[in-house]
Amino acid sequence: MIKMETRKPRTIKGFLQKEAVCGYIFSSPFIIGFFAFTIIPMLYSLFISFCSFRISSAPVWIGWGNYIRMFTEDPRFIKSVTVTLYYVLISVPLKICFALVVAFMVTRRTRLASFYRSLYYLPSLIGGSIAVSLVWKELFAVNGVVNKFLALLGKGEPIEWLGHPSYAIWVLVLLTAWQFGSSMLIFAAGLKQIPESYYEAAQIDGASSLQQFFYITLPCLSPVIFFNLVMQTINGFMNFTQAFVITKGGPMDSTLFYALYLYYSAFNYFEMGYASAMAWVLLIMVAVVTALIFKSSGRWVFYEAKGGN
Amino acid sequence: MQQQQLSGSYIIPKNHNYAKRIFYHCFVLALGLLMIYPVVWMIFGSFKTNYEILNEALKLLPAEFSLDNFIRGWKGFGNITFARFFQNSFVLGISATAGVTISSSFVAYAFSRLRFPGRRFLFSCMMATMMLPSQVVMIPQYIIFRNLGLTNTYVPLILPSWFAKAFFVFMMMQFIYGLPRELDEAAIIDGCSRYSVYSRIILPLIKPALITTIIINFYWTWDDFMGPLIYLSRAQKFPVSLAIKLFADSTSKTDFGAMFAISTLSLLPVFFIFLFFNKYLIQGFSTSGLRG
């Protein structure tokens, strides 16, 4: 009876019971959403990136105009690209190294391990909020905690962290690195999966703990590091909120992150066409960087199943 | 556990090991406290007077715990109190989260248990959306919603959530893969439709994944700043995240205490989640990350 129903559905009810039909029905939220909120907006965005489009009037086709302007006539754009690359190149490795070290620290088998993990995870849980950005701004204010603390250590002059073009970005880098928690969790989960026997064998052979770290832990963890590197890099390119709240891009555009400039172009200067073109350049930039990381992965990512023994 | 201790005690004499352990705990604890210092400083700061905040920044504890900052902060701005903003945030969080949880579980069931043409392709499309910079779709989405006259409503902030989010679909799929297939096959042979398999077998069994979804998404919506910033311009409609920013812009030059107090209050739901649902958070972030 079941066979008959699945093969030849005569009624609507029978039709709805077919596996493939069920499949489409259950996945319809994604299919509809994918078209409505991804594909159609993307096509539209591609179209207006070739237009001069100030939101009040209709879009006017200008060909490659926006893209040419970006690279030849807009020093702020170039600035935002360099600032963002600088920020990503510093903050992402810093965050990952820190996450790795802390993950290594908190996976020792003690009764407090899970408490420690939560403690170190807390900053990244709340770090994305506006509240923390505002507090961070106060911490690095001229008469804030950081300067007072430095004064205690004997450094007399207070530093204008947020007023100086070469310091302001470090305030944001620190805030990013501080939120190492979710990477750390992923590393900690990865560390637990490394078989104990590897370490035992190494200990018998007389390997120091530093050697164990570099020759066992790091290679075994490399797929997880790779995954983290990709995700954090992508996130790094899209940092917006913290710069928007803490520095607003200043001083002198020294923290004008790409996403921030894009936001200003679209919603302060209302140049929707130009901002869309910037979004596409961002997409290409992220894709290229991700591809580079993927390409390099053959050299340093170690998959147990394929290589090795 | 036993093995570790054994191998440890072979190499290092016992009392040395003990000192090392104490050192380890002190170090980890100290570094951890340093990490959460800014948060603790903010919480205590919300009880301090503005004079204390400005002139005695290094002192952690307030001279006396006073609730004045909270009272001043709660008044908000422009005759709108923070009660309103908190209510808005809850409305947004609950309606977006309900949508994400329901729709993502639908899609996860389809992708992990049902065979249909194009499934693999659709799955790859979904994974690709996770890598897509949101800026690419942000501007056109804004223009579309604007032309539909939906700015200053919650529709642009809630509606996309009702069409599944890749992150959660992926997480739920990992969970469903862990359930024995025989369960749903047996149910189908017994005459159960695939809809009842979903609602009576899969759904109850992936409850932990659903809870994780609810928690993480609520927390994401609560924290979301860019969405409300773009779509909402009337203060009546602001969620807490946006209201705090405006509040800080308008008063922080003079009233740090109130700003800290409101910041602390705005983090309360997150602290609550952290204290009571920490297990689910950690599970969510570590399992879905592993198989990327």
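Values in this text are rule-based calculations from the coordinates and carry no lab data. Since the structure is predicted, the reported quantities are computational estimates derived from the model, not experimental observations. FYI the Cβ positions are ideal-geometry reconstructions off the backbone, even for glycines, and counts take in every protein chain you see.
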Over what distance in Å are the Cα centres of the range A:115-184 and the range B:107-139 separated?
37
Which of B:I211, B:I144, B:I158 moves the most in a Gaussian network model of chain B with Cα springs under 10 Å?
B:I144
So what does log10 I(q)/I(0) come out to for the protein assembly as shown at q = 0.07 Å⁻¹, using the Debye formula with one equal point on every Cα and no solvent?
-0.50
What does the convex hull of the Cα atoms of the range B:3-156 come to per residue, in Å³, rounded to a whole number?
289
The rounded separation in angstrom of the Cα centers of the range A:41-100 and the range B:206-272 is 28
What list of whole percents do you get for P(r) of the range A:32-191, with Cα-Cα distances grouped in 10 Å bins up to the one holding the largest distance?
9, 21, 24, 25, 14, 6, 1
So what are the three principal axis dimensions of the range A:72-300 from its Cα atoms, in whole Å, longest to shortest?
65, 47, 26
Can you give the three extents of the C-alpha atoms in the range A:193-247 along their principal axes, from longest to shortest, in whole Å?
54, 19, 13
Which whole-angstrom value gives the distance between the alpha carbon centres of the range A:249-309 and the range B:56-72?
42
Under a Cβ-only charge scheme (Lys and Arg +1, Asp and Glu -1), can you give me the dipole magnitude of the protein assembly as shown about the Cα centre, in debye to the nearest 20?
1320
Among B:A110, A:L152, A:F180, the residue whose Cα sits farthest towards the positive end of the charge dipole of the protein assembly as shown (+1 at Cβ of Lys and Arg, -1 at Cβ of Asp and Glu, taken about the Cα centre) is B:A110
Given the options B:F121, B:V137, B:V155, identify the residue whose Cα lies farthest towards the positive end of the charge dipole of the range B:15-171 (+1 on Cβ of Lys, Arg; -1 on Cβ of Asp, Glu).
B:F121
If you project the alpha carbons of the range A:164-308 onto their three principal axes, what span does each projection cover, largest first, in Å?
66, 32, 22
Computed over all unlike Cα pairs, the Kirkwood hydrodynamic radius of the range B:201-281 in Å stands at 14.6
Just how large is the dipole of the range B:79-290 about the Cα centre, in debye to the nearest 20, putting +1 at every Lys and Arg Cβ and -1 at every Asp and Glu Cβ?
280
How much length is gained on full extension from A:S209 to A:E19, taking 0.36 nm per residue of separation minus their Cα-Cα distance?
62.9 nm
Going down the table (A:K137/A:K248; B:K207/B:K279; A:K79/A:K137; B:K75/B:K245; A:K248/B:K59), which pairs top 19 Å between alpha carbons?
A:K79/A:K137; A:K248/B:K59
Furthest towards positive pole of dipole, B:L205, B:A83, B:F70, structure part chain B, Cβ charges:
B:L205
Tell me, which longest segment in chain A has none of the GluC sites (Glu not before Pro) that fall in DSSP loops with at most 15 further Cβ atoms within 10 Å?
A:161-303
The range B:173-278 - percent relative contact order, Cα under 8 Å, separation 6 or more:
19
Hull shadow area, averaged, the range A:8-89 [alpha-carbon convex hull, nm²]
10.6
On the Cα set of chain B, report Rg and Dmax in Å, please.
24.6, 75
